[in-house]
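Everything on this sheet refers to the single structure shown next.
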């Protein structure tokens, strides 16, 4: 397998919430709970999960925007928390992000070319004289054509799809190696969504990016990802190659997600007819043992007491379930 | 379908904001107990159509033309008080965001009781009806939920409570505007499943409005596709998926990224939806249509009908189908 660009080892992120009379009672929420994950060169890993699963928190930690309370994140085999000032600048150049809401991710007071020029200036990557030509080329590349028209536009003058194109241009202006995309197409209309996904795929191939793609939409994930990690209440419950996860899911939660996904191509083989019980529990007060046991139709005694570890079910495919057995599970 | 089986018949409905038609002469019908889907992107006019049926078009918009016949009465002739009665008893509406629909300072039980005109749910008979309807929307412990305030409930539970407050009035028709868009995948699946079952249990017809054709296909018998304020295609859900007649429908189906239909490439529909203040000449879809020819730019296509029961507003069918 190719080189790791980012590796996460036993990451923990705890939030403290206060509640009650004078907000005296404290409670700790494990938003990310002992997660290990490696992102390789030129690979797209999708993080899948419902709200409260911790995928966004993990994404923010990988971007260096949220400190871990335990574990480590390594970038080019250096620990993220211990980077020097200079290394941190290089890290910021190397790791970029596209958010869900293109309306909120661009500064409304900056034109598109100002928004793109700023990182170029801060990181001193080229003489100011060359910037305009570079920006024009970049806008053309992300489909904002003719580029001279869009250079001086403000975000409010663009449609949702165009804004997301501008946000992508912003993310790749410094030629990063790693892109974190947090639900980048969920706010867009169907026909625009496919345009943006194609653009992300193209840019990924052209810049040889590693991409961490956060999404709840399994159709999108199957289209874009090489590997998939399924998160539930802060833990990775299953991880593996995209084909494996979609055709031979091992964890009951993954099977539930696949059963719930709207589909017009469902057949008997991919029904995974698992009916989930109830709704996700409060992340502040997760069940003991396996977090999924309260909604799992297969739960038994052991699930209440013992947290299942991630075990290899077939090469490159791991699941955290007491029922998952190597190569025997349906 | 005979005339007596029809619940709602809409003809040539037009909604204007100033001189801009944002819903442009659309006609459709809903049979008793039937589920129809309305699909379109933002700005296609799908939500405004729903509000138009209920007489709720926000000013300065107005329902400028058309006929809405519901159970033999013309809703446009009813006046404000009459329409309010229809909304209270016969047509219910559920929205995307339940938390802004529910009153935050009233218990869920009281709100549902209020929906049938009872101020408090203390009366045992009313209480029982509230509990029954909460149980009917598959809430496991209805007594506790009835005593809860909306903020104490999850998004899925709030959505169920909103549906309960509509169902308790025993409407004949429910209009659901993107009812599951804000919900998590597993909860979305549960609510859609409930909406499909509800039709039979309560003998209620459903108009499901969504941007997601895959969602519609799980619940609806027939589909109407909207683009730029117009209906561009309609037909049985199955026929539309097998043999879409309008290039926009073809593109919509092509854009579905299905988890069980792996694709490595997808052809995106280029461009963006039309600006309704100055819609394109001729067919509104022509600037984005891969098959557009001269006629499409010049003249608006009529609706062509097909043997399958489908119809499509597209010049490609000028020969071989009958205009109506």
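The values are calculated or read from the model by the stated rules, or taken from the named source; none is laboratory data. Note that the structure is a prediction, hence the values are computed from the model and not measured. When we count neighbours, we look across all protein chains shown, and the Cβ atoms used for this are built from the backbone with ideal geometry, even at glycine.
For the range B:97-145, residues that are surrounded by 18 or more Cβ atoms within 10 Å (Cβ to Cβ), more than 14 Å from chain A (Cβ to nearest Cβ) and more than 26 Å from residue B:86 (Cα to Cα) total 1. Is at least one residue of the range B:64-85 surrounded by 19 or more Cβ atoms within 10 Å (Cβ to Cβ), in a strand (DSSP E or B) and within 17 Å of the chain's Cα centre (by Cα)? Yes, the range B:64-85 contains a residue that is surrounded by 19 or more Cβ atoms within 10 Å (Cβ to Cβ), in a strand (DSSP E or B) and within 17 Å of the chain's Cα centre (by Cα).
Within the range A:270-277, is even one residue farther than 18 Å from residue A:50 by Cβ, within 14 Å of chain B (Cβ to nearest Cβ) and surrounded by 14 or more Cβ atoms within 10 Å (Cβ to Cβ)? Scanning the range A:270-277, I find at least one residue that is farther than 18 Å from residue A:50 by Cβ, within 14 Å of chain B (Cβ to nearest Cβ) and surrounded by 14 or more Cβ atoms within 10 Å (Cβ to Cβ), so the answer is yes.
Does residue B:173 satisfy being modelled with pLDDT of 85 or more and either within 12 Å of chain A (Cβ to nearest Cβ) or surrounded by fewer than 24 Cβ atoms within 10 Å (Cβ to Cβ) (or both)?
Yes, satisfied.
Scanning the range A:233-252 for residues that are within 12 Å of chain B (Cβ to nearest Cβ) and farther than 19 Å from residue A:316 by Cβ yields a count of 1.
Quick check: anything in the range B:86-95 under 23 Å from the mean Cα position of the chain (by Cα), surrounded by fewer than 16 Cβ atoms within 10 Å (Cβ to Cβ) and assigned to a loop (DSSP other than H, G, I, E, B)? No, the range B:86-95 has no match at all.
Just one of (1) without any contact (Cβ under 8 Å) to a residue 60 or more places away in the chain; (2) farther than 24 Å from residue B:226 by Cβ fails for residue B:98. It is (1).
Counting only helices (runs of 4 or more DSSP H) that sit wholly inside the range B:118-182, those with at least 1 residues that are under 28 Å from the mean Cα position of the chain (by Cα) and under 30 Å from residue B:6 (Cα atoms) are B:124-136, B:155-167. Any residue that is at positive phi and over 22 Å from the mean Cα position of the chain (by Cα) - is there at least one of those in the range B:257-277? There is at least one residue in the range B:257-277 that is at positive phi and over 22 Å from the mean Cα position of the chain (by Cα).
Quick one: is residue A:52 out of contact with any helix residue (DSSP H, G or I) (no Cβ under 8 Å at 6 or more places or on another chain), at pLDDT 90 or above and crowded, with 17+ Cβ neighbours inside 10 Å? Considered against the rule, which asks whether it is out of contact with any helix residue (DSSP H, G or I) (no Cβ under 8 Å at 6 or more places or on another chain), at pLDDT 90 or above and crowded, with 17+ Cβ neighbours inside 10 Å, residue A:52 comes out as no.
Could you check, for the range B:222-230, whether at least one of its residues is more than 9 Å from every other protein chain (Cβ to nearest Cβ), on the phi > 0 side of the Ramachandran plot, buried (at least 22 other Cβ atoms within 10 Å of the Cβ) and touching a strand residue (DSSP E or B) at 6+ places or on another chain (Cβ under 9 Å)?
yes
Of the helices (runs of 4 or more DSSP H) lying entirely inside the range A:117-187, the ones with 3 or more residues being more than 14 Å from chain B (Cβ to nearest Cβ) and in contact with a strand residue (DSSP E or B) (Cβ under 7 Å, 6 or more places away or on another chain) are found at A:160-172. In the range B:236-253, the qualifying residues are those that are within 8 Å of chain A (Cβ to nearest Cβ) and free of Cβ contacts under 8 Å to residues at least 40 places away in the same chain, and the one that is nearest to residue A:261 (Cα to Cα) is B:241.
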